[in-house]
Structures are given as C-alpha cells and as structure tokens.
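The values are calculated or read from the model by the stated rules, or taken from the named source; none is laboratory data. Everything numeric in this text was worked out from a predicted model, so none of it was measured. Methodologically, a virtual Cβ is constructed for each residue, glycine included, from the backbone with ideal geometry; neighbour enumeration extends over all protein chains shown. Note: areas computed on protein heavy atoms with side chains; ligands, DNA, RNA excluded. Shrake-Rupley method; radii C 1.70, N 1.55, O 1.52, S 1.80 Å.
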Amino acid sequence: MKFKAKYFDGKTSQPKEVWLKVIEDFELQLFTEEYSIVPFERWELLQLKNESFNSSKDLQLSYISDGVRRSLEIENPNQELVNYLSNKHSKEDKIFAMVLKRNSYKVIGISVTVLAVMIFVYVKWVSVFVGNTIVSIIPLAVEETIGDNAFNQMNPFLDIDTPRTRLLQEFYNALDFNSEYQVSVYLDTNKRVNAFALPGGKLVVYDGLIKKTQSWQELAALFGHELSHVNDRHSMRLLSRELGNYAVFSAITGDMAGISSVIIESAISLNELVYSRTYEKEADLNGLDMLIENDIEPEAMLRLFERLLEENKEVEEILKDLELLSTHPLTDNRMDYIKDYIESKGLLGYLGKKNEKAEMLWKKIKEK
Amino acid sequence: MEIISENYEVPSGQKTRINFTGQGSRYFGIAILNAILTILTLGLYYPWAKANVRKYLWNETEIKGSRLVFNGTGMEMFRGFIIAYLILGSLYIGVLLTQGDPKYAFYFILAFYLGIILIMPLAIFGAWRYRVTRTSWRGINMGFDGRFRNFLKLYFRNLLLVIITFGIYLPWFRVEITKFLFQHTLIGQNRLGFKGSGGDLFIINLLGGILSAITLYLYVPVYLKDRINFTINNAYVDNGETKKLFQSRLTGGKAWSIMVSNLLLVIFTLGIGFAWATIRYTRMLLESIDIPENLDFDNLKQSEIGTIDATGDELVDILDIGIDF
C-alpha cells in the first residue's frame, strides 16, 4: 500500500507531493504518482534518519544521497514504517519513545517519583561518597594551600596577639596530639567565646574562650575538638560536596527555570546544616578519643561545654525552638552524648596524668 | 552598508505567522527523562539533554505547514562542553591555588579575566552560529557566513567604548552585535538584517528601568516586551531586491499576563510547572511574529555556505557550542 508524503529535494524548499511504499526491512520507495510502477528514488531503510522528536504532529525523515540531504514530511505514516522506525531507534531514543509514546500522566507521575527518589538518594548518599572521594584524592599540600589562602584573606580582620600566640603554640606542642598536618595555632584578642579550624591545620582561638577555661585540660579539650575537624578534613568534605551538588544541579536545571534551581539549592543548604551537625558530633567524639589517648581528663570536654552553655544561655533558648536550623548540636544535647561516651569507656571521674608544662603555659596565657 | 530608511517595507497583505504546537506535558516528559539521565551519568548527559529539548522545540515550530528541524547532536555539544569546562576550570583552580601567593596570583587572576573576556565573544558568536547552521526547514539549512576575526574586531572596538563610557554605550554595543549576527545569517538566498539604533534601545532601557523601579517591578514584563519588540520590529529580510521588516504583535497586556501567570505557575507548583511556563512563553514569543512576505517560502535555495562545515573557521569550530544566555 502506498501512502502520501511531502518531499523536498534538499536544493529548494519547493514541496512536492510523492507516494511512498515500504519494502519490508529493505527500502523506502518514492513515486511521483500513486499508480506509478517505477520509483524515482529508493531510500535504504538503514540510512534513514528520523528527525522528529516526540513532536505532536507529523513524522519527518531525512536521507542523504549524493551529498544532498533530502527530506520527507509524512502526515499519516503507515504502520509498517512506524514499526520499522521504532525498532531501529537507538537505546536512548527507545527509552524516550517508550516513556513518551503514550504521554500519559501515569508515566509522568512515575518519572517524577523516580526523579524525587534519585535526588533524595543523591543528596543523602551519593554526594557524601563523591565528596569523600574527591577529598581522598586531594593532596595534603593542596589542602594546606587552600587553608593558607583562607587565612591570608581573613588576616586583616584578625587581631593576633603574637607573644601569647607563641605561648599557645608551645602549649599545643606540649599536648603532643597526633596529626598528619603541620598545626599552627593563633590567639586572637577578640572577646568572643569561640574558636575555629581551617583546612590544613590552622587553628584560631579567641581570647574570650581562653579566659573562660578553668583548667589546662579544658583548653586541651578545645584543641582536641578543633584538631579533629582538621584531621577528618571536614571543611574539605563540605566544600567538595557543595561543589559536586552545585555541578549536578546546575547541569540538571541549566535549561530549566532559575526558580526551581533556587528551590533545590535551598533544600540542599538546609541539608548542609544537618551535615555540619554530624561533623560537630564527630569532632566532639574524636576529640574525646584524643584526650583519652593522651591520658588527659576526658570530663574536661564536658566542662568546656558548660562554659559555652553559660555564655550562650539566651541564644540556646531561642535555638531550642529551631533545632533544625542550628549548625551545631545544642549544647545540652551535646553534653548528654559526651557524658554517655565517657561513661561507656568507664572513665567518669578519671583525672588523667599531670602535665606541668601545659599547666604552666595555660596559666601564663590566661593571665596576660 | 549605507541604509536609507525608506528602503524598508512593513509587511502588508498576506502575513505569514509561526504556529507553535508545543505541549507542556510533552516538554515535561522530556525534561524529566533528561534530568534522570543527567543524574545517572553525573552530569555528562547534559549536552544530549539539551539536544533533546531543542529537537523537540524546533519540531513543534511550524511555518507554512512545515516544521523546523534541529540537526545538532549531543556529541557535537559535548565536545564544546568539555573544552569550555577545561579552560574555565583550570583557570579557576589556578586562581584558587595561588590566591595566597602574590607572585603567581597576579598572573592567574589576569589570565582568568582575560580568559573570560576572550570567551564571551567566542560564546556569543559560537552559540549563534551553531544554532543557525543546525536549523533547517523543508530541507534548507540556514546559513551563517560571518568571520570570527571580523566579529572579534567589532566586539573589542565596541567593548572599549563601553568601558570608556562607563557602560552607557552598552545598548549601542548590543545593537552592533545583533547587526553583525543578523546580517551574516542566511535563509536560503535571503539575508537577515537588523536596523535598530542604540539610541532607541537606550531609551527603552532607561524608561524600563525607571518605571520598573517606580512600580515595584510590576512594569518588568512590559519592559521585556519592549525589548522583544525592539528586536523583532527592527529585523528584516533582504532578498536582494527588497528589504522587508518583521513585525511583532506582542502587546504589553499579553506579555504581562503570560509572564506573571508563568511566575505564579512555577512558584505554586514548586518548580514543576516550569515545563508549561516555558511552552507558554515560547508560544507567546513565536506566535506574535509576522514574517515578511518577501521571503519566498516555496523557492528558498540551498546556499553554498548553508552546508555545515564550509566556514572553515577552526578557532571557532572547537568552540562550536550551544552556550545559552
């Protein structure tokens, strides 16, 4: 059976009405009249290119012969041709054809669900894995460089007390903590009760926090916590995961609307907060291990958080209602698991060894 | 080229319109599958995803009963995608690593900004050329015969003026670029052209900016409509004998209702409505265009330059990519 189509010879846009006949698995014959016997062109089915992509209307085919691309527009293709084309699809086209052919809302619903599950899996596990993998191949030197750069950029806003920094470094050295990194500590005269760690081993402690400590062990506990952030490469992990997420989501949403990417991104950053709480907990417990390994009173960690609690009482009250949004575990909560951990090691009330050098240095630093 | 305004004719009599038959649900289906495949391949599928979207949108654009065809492939775009990422990525990493070291940092930052400045004209030129030469209708490829060297000269000459005038020259800069791109675009034996003036665009931008600020952004869709119409109404077809203008029927009211409802649609469906929004926007844009009748639809001839790799501009060939703006 022949069927009608519009033919273009690839030289002009002049449409020509032609009749087509499919010779099974072999060729498409083009006739000028419905009852012509001799085709004026024969197109090998194998070389046929389907130019339509999920379009709602007619089928468009093209065929290159003698270096000229001819094309056909077929409004009502016969079943034989349609079957042939759908069998010939590449794997990728097949997936699209299968899902899109019926174009039903059920199919779309399933796809949306699959996508949602994939995004969930990605954010929950894949991105963690990718982040960790990237981190594991980044050499220490690169990490140190990034940390140094960050420190240099912050430097104008820091107020480093050089003589006391020297003492603090001696104090840190006296603790003899274990790290692959070359750790340098800095003392900032700021009154805030806080401290932070940069990738590659730079630790900055604010004077406000030092003034709050009541024993050298508490300051050691603080270093235990911050050093764990460095040893476990927390900032690098966060950074690589964020980069990974950004790359994937901008790739997906690139051609879509900006708004959906904003929505997705804010969902990710909410998730990021939860992740950094996980990191804080990890740092607390690894910091505790560090104290225990070095025979330092583990309960100092507990007391350190008591000081923080005193300082942040008001803030904590507010945060309690907003637990989801806080980057750090709430201090109450924190003290609970720290206590549980020490108890599980059977070390409640254990005072550890004496470290006269550290104690002397701590006193000096605090007094000045 | 000396242009006298009387040469242009506004379309009269038989008008040819574009019929856009895209459907939000079909577009959504494609976008969802694209997203799934892009995730599964950790982003590598992106160029193919883009080709799918374009093939679909081109396929649904009908002029005189025939549909456009997008001949580009994901593989072609993948090449450009990798090159662009490698260039920008390595420069960026260089900047990141040397930030703390003033000795090298300076050179890397310089290279980074130079890279960006150099890549912009490549991207504008490459993206336009790629789209144009990969579009065909009734078997006739659209053609592009601009030389990158000339574009680069034009680009930097005008960029310099933008810098000297602290940005005031920007509308003129845009118009010059549009002129270049249009005048080297061929539809069969016909050439596109653009006769807009930077002054008009400047006034549109100035008014649009002021009114948008006063009305708390409610005026933005009308301003965008003015910009769209500026482009369409100043574009023309030159068939060698006459130059006739395209005409836009897009009104402020229409633009406003489509853009505002699209925004609400996307927000209230948490982004899922983007497919329908894109289709509605594309329909608004395409269906408002009147094509001048001096474009002889039934007798377009395949131009020599129309064939895909005849331009021979290797520098741009490596960046023959579909960068979007």
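A few points about this structure:
- Here r is the Cβ-Cβ distance between A:GLU293 and A:VAL121 and R0 is 41 Å; the resulting FRET efficiency, rounded to 0.05, is 0.65.
- Measuring nothing but how far apart in sequence close Cα pairs (under 8 Å, 6+ apart) lie, relative to its length, the range B:17-139 scores a relative contact order of 25 percent.
- Distance in nm between pseudo-label sites at B:LEU40 and A:LEU140 (7 Å out along the Cβ direction from Cα): 4.2
- Summed buried accessible area for B+A [probe radius 1.4 Å, Å², rounded to 100]: 4700
- Calculated FRET efficiency for the pair A:ASN333/A:LYS191, C-beta based, R₀ 25 Å, to 0.05: 0.45
- Checking the Cα-Cα distances for A:LYS212/A:LYS339; A:LYS281/A:LYS364; A:LYS6/B:LYS50; A:LYS212/A:LYS364; A:LYS212/A:LYS354 against a 24 Å cut-off, the pairs over it are A:LYS281/A:LYS364; A:LYS6/B:LYS50.
- Net length available on complete extension from A:GLU356 to A:LYS11 is 114.8 nm, with 0.36 nm assigned per residue and the Cα-Cα distance removed.
- Across the range B:169-281, the relative contact order, built from alpha-carbon pairs under 8 Å that are at least six residues apart, equals 20 percent.
- Drop in accessible area of at least 30 Å² in the complex versus isolated chain, residues of the range B:45-62, 1.4 Å probe: B:TYR46, B:ASN52, B:LYS55, B:ASN59
- The simple spin-label model puts a point 7 Å past each Cα toward its Cβ; for A:LYS281 and A:GLN79 those points are separated by 6.2 nm.
- Estimated FRET transfer efficiency (B:GLN183, A:GLU44; beta-carbon r; R0 35 Å; 0.05): 0.30
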